[in-house]
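Chemist: My questions will all concern the structure given below.
The values are calculated or read from the model by the stated rules, or taken from the named source; none is laboratory data. Please read all numbers here as calculations on a predicted model, not as lab measurements. Cβ placement follows ideal geometry from the backbone for every residue including glycine, while neighbour counts extend to all protein chains displayed. To get the accessible areas, we keep the full protein, side chains included, count just its heavy atoms, and leave off ligands, DNA and RNA. Shrake-Rupley method; radii C 1.70, N 1.55, O 1.52, S 1.80 Å.
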Amino acid sequence: MSVAAAHPNLALVKYWGKADAARNLPATPSLGVSLDALSSRVEVWLDTGDSVEIDGRSVDPARYRPFLAAVRRRCGTQSGFRIRARNDFPSAAGLASSSSGFAALASACTAACGARLGDAELSALARLGSASAARAVFGGFAVLPAGAEHAQPLAPAAAWPELRVVIAVVTAAAKPIGSREAMERVRRTSPAYDGWVRDSPRLYEEAVAAVRDRDLTRLGGAMRKSYHRMFATMLAADPPIRYWLPETLALLAAVEELRAQGVAAWETMDAGPQVKVVCADGDTGRVAAALAAACPGARAPVISAVGAGVRRAG
Ligand code: PMV
């Protein structure tokens, strides 16, 4: 058995849309951060066929086929894989479980075959499962340029040690439509898609410079534009895609109110209703309290530091 673990990689500037669907290459450049407080752990055994179990439930291995076929090609094996994954947070709910899951899976599967891959190759393999997983191979801050085969490290966790992400989980329910299908519908039907793809590199450059300078206000401004414009492409799709819930809006208003009071707190969202707020460690108490007050029925917000990259765990 081989075991690997990874943290989800939260996009601060979003990948949304594919330049090449068959090769799963991103149409937009993205920048993400590893979330230390959340983890996926994957165990892999060589077997006669492929089977996948996530959090104790059997799932259809179809989604995993192109990824597993690439692992077999790379490792020169015909073997199947028995996969058992566990997330210590809700799966498929907009908390980037596919990023940590496929990063850990790429590491555990190749290790089970006795292959030793460098980070770039591991990242390219993980990308075939989920493009955000290409970033999750790396710790700290990582980037995935448009059209790129693999992600690259931008800055280690230690480069911005006081940065925190406060995560408000509105609902643990799985999202109504997966990101792959949503991206494809947006590409086919949303008149906002071309503008989004054209505009994304500018936001990306802005965010990369802000991370290098540890400038939270500048990073926050780019983050806010990135997720709003991503959702604009979805609202303009036919039929429209809407991940937001009433609680989501209450949380967004609470973060805006914090900023009006002078707290440097900047939110982002992914394909789901959850809200993640980036702030400095000294402000996490205030941010968590404001989020809890805005969404009284929800579980307590999770506070995360910047995490490490994928690691072998056995
Ligand atoms: O990697 P996927 O297919 O799960 O898509 C991820 C899309 C977003 O989470 C919305 C953005 C991102 O860059 O992670």
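Chemist: Per 0.36 nm of contour for each residue apart, how much would the distance between residue 205 and residue 299 grow if the chain were fully extended, relative to their Cα-Cα spacing?
Modeler: Computed gain between residue 205 and residue 299 is 30.3 nm.
Chemist: Just the accessible area per residue of region 115-249, please: how many Å² with a 1.4 Å probe?
Modeler: 44 Å²
Chemist: With just the Cα atoms defining each centre, how far is region 134-183 from region 28-59? Give it in Å.
Modeler: 14 Å
Chemist: Pulled fully out, how much extra length does the chain show between residue 264 and residue 53, if you take 0.36 nm times their separation in residues and subtract their Cα-Cα distance?
Modeler: Full extension of this stretch gives 71.9 nm more.
Chemist: Take the alpha-carbon centre of region 250-308, take the same for region 184-237, and report the distance between them in whole Å.
Modeler: Cα centroid of region 250-308 versus Cα centroid of region 184-237: 20 Å apart.
Chemist: A further question follows. Take residue 194 and residue 214, extend 7 Å from each Cα along the Cα→Cβ direction, and tell me the distance between the two endpoints in nm.
Modeler: 4.4 nm
Chemist: Check each of the chymotrypsin sites (Phe, Trp or Tyr not before Pro) in region 68-138 and keep only those in coil by DSSP with at most 16 other C-beta atoms within 10 angstrom; list them in order.
Modeler: Sparse-neighbourhood loop chymotrypsin sites (Phe, Trp or Tyr not before Pro): none present.
Chemist: If R0 is 45 Å, what FRET efficiency do you get for residue 46 and residue 257 from their C-beta distance, rounded to 0.05?
Modeler: FRET efficiency, residue 46 to residue 257: 0.25.
Chemist: Further, regarding this structure: Excluding residue 180 itself, calculate the net charge of residues whose Cβ lies under 9 Å from the Cβ of residue 180, where each Lys or Arg counts +1 and each Asp or Glu counts -1.
Modeler: Value of the local net charge: 0.
Chemist: Angle between the Cα long axis of helix 193-213 and the longest principal axis of the chain, 0 to 90 degrees, nearest 10?
Modeler: 80 degrees
Chemist: To continue, here is another question. Quickly estimate the mean residue ellipticity at 222 nm for the chain, helices only: each DSSP H run with n ≥ 4 gives -39500 (n - 2.57), and the total goes over all residues, rounded to 500.
Modeler: Taking each H run of at least 4 residues, the total per residue is -12500 deg cm²/dmol.
Chemist: Of all accessible surface on region 188-314 at a 1.4 Å probe, what whole percent is carbon and sulfur?
Modeler: Roughly 53 percent, rounded to a whole number.
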